[in-house]
Amino acid sequence: MTFTTLFIDLDDTIYPPEKGVWDAIGEKINKYMETRVGIDASEVPVLRESLYQTYGTTLRGLMLTCGIDPADYLEFVHDIPLREFLHPTPELRALLERYPLRKIILTNADRNHALRVLNILELNGIFEQIIDIMDMLPYCKPLPEAFQKALEKAGNLRAEECIYLDDNVANLRTAKELGFYTIHVYPEKNCTDCHAHIPYLQHLPQVLDPLLKEVNRS
C-alpha cells in the first residue's frame, strides 16, 4: 500500500527533548495537582506517575479520579514562556515541504499549545490538521481508541497507509499494533520493536526517502 499521511507527535518530537519544554510543563502539572486539586506537594510526584502509568496521561487520570475540567488543566499546564525554549527552524520547514504526503499533528496536548509551538518554530501551514487531546477524549495516546479516533478524524484513513512519528515508546507500540509504520524520534535508540529510529526529526530523510522509494518500486 502507498503511504499517504504522516502523523507526527508534538512535544519532544517536533523539537528535541533537551529543549526543556516538557520539564517546564511537568512543573506546571505538579503545581496544578497541588493548588487546583489540593494534593499535598509531597504526594504529587508518586501520584502523578501512577496516574500516567494507569490512565495514559495525568490529565485523563485526574479527570477520571478527581473530575477535573480538562480545559482548565490544559490552559494551566501549558502557560509557559515557550519562546524561552524554542526558536524558528527553517531547515525543518524545508525538509517537511519536500514530501507530498499529508501531514497531521497528533498530540496529547491541546490545539492552542500546538499552534503556539508551530508558530514559534515557523512551521505554520505545514500541517493540514491538528488532532489534539480534546478530539480524542475520553481516550488519549497510547490507547488504541485514541489512534482509531484520529484515523476517523483524518478522513477514515487506514493505519496501513500512515506513518507515525513519536518520542514515546508506548505510543509507538500501540500504533504499530494497529498497522502504522512507526518511526521512533529520540536521541537514544530504545524502542526495540519500532520499524525505524532517528535521533531527531531533521534526520527523517534517512528513513523516509528509502522507505518511499521502496514503496514506489513495488
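The values are calculated or read from the model by the stated rules, or taken from the named source; none is laboratory data. Since the model is a prediction, treat every value here as computed from it, not as a measurement. Every residue, glycine among them, receives a Cβ derived from its backbone with ideal geometry; neighbour counts consider all protein chains shown. For the accessible areas, the whole protein counts, side chains as well, though only heavy atoms, and no ligand, DNA or RNA atoms are used. Shrake-Rupley method; radii C 1.70, N 1.55, O 1.52, S 1.80 Å.
Accessible area per residue (1.4 Å probe, heavy atoms of protein chains only) ranks Arg217, Arg48 as Arg217, Arg48, with the largest value leading. For a 4.7 Å threshold on C-beta separation, the list of partnerless cysteines in the chain reads Cys66, Cys140, Cys162. Only one item in (i) 21; (ii) 16; (iii) 29 matches percent of Cα pairs over 30 Å apart derived from the coordinates shown, and that item is (i). Using the beta-carbon distance between Glu75 and Ser50 and R0 = 25 Å, what value does 1/(1 + (r/R0)^6) give for FRET efficiency, to the nearest 0.05? Calculated transfer efficiency: 0.55.
Quick one: if the Förster radius is 41 Å, what FRET efficiency do Ala94 and Lys28 give, using the C-beta to C-beta distance and rounding to 0.05? Once the sixth-power term is evaluated, E becomes 0.80.
Other residues lying with their Cβ under 10 Å from the Cβ of His113 contribute a combined charge of -3, Lys and Arg counting +1, Asp and Glu -1. Of the two radii for segment 99-174, the radius of gyration is 0.94 times the Kirkwood radius, both from the alpha carbons; that is the Rg over Rh value.
Remark: for residue pairs Lys153/Lys189; Lys28/Lys176; Lys141/Lys189; Lys31/Lys153, the C-alpha separation exceeds 28 Å in Lys153/Lys189; Lys28/Lys176; Lys31/Lys153. Seen from Thr13, the other residues with C-beta closer than 12 Å to its C-beta sum to a net charge of -3, counting Lys and Arg as +1 and Asp and Glu as -1. All other residues whose Cβ lies under 15 angstrom from that of Leu96 are scored, Lys and Arg at +1 and Asp and Glu at -1, for a net of -2. With contributions of -39500 (n - 2.57) from each DSSP H run of at least four residues, the per-residue ellipticity at 222 nm computed over the chain stands at -13500 deg cm²/dmol.
For the pair segment 116-150 / segment 20-89, the C-alpha centres are spaced 18 Å from each other.
Computed on the chain, with alpha-carbon pairs under 8 angstrom and 6+ residues apart, the relative contact order is 24 percent. Annotation: per residue accessible area for segment 1-58 equals 49 Å², rounded to a whole number [probe 1.4 Å, protein chains only].
For the chain, carbon and sulfur atoms together expose 48% of the accessible surface, with a 1.4 angstrom probe and every protein chain in place. For segment 89-177, applying the loop criterion from DSSP together with a ceiling of 12 other beta carbons within 10 Å to the GluC sites (Glu not before Pro) yields Glu128.
Each listed q (0.15, 0.24 Å⁻¹) maps to a log10 I(q)/I(0) for segment 57-156 from the Debye sum over equal C-alpha point scatterers, namely -0.70, -1.26. For the pair Thr35 and Arg217, the difference between a 0.36 nm per residue extended length and the Cα-Cα distance amounts to 59.8 nm.
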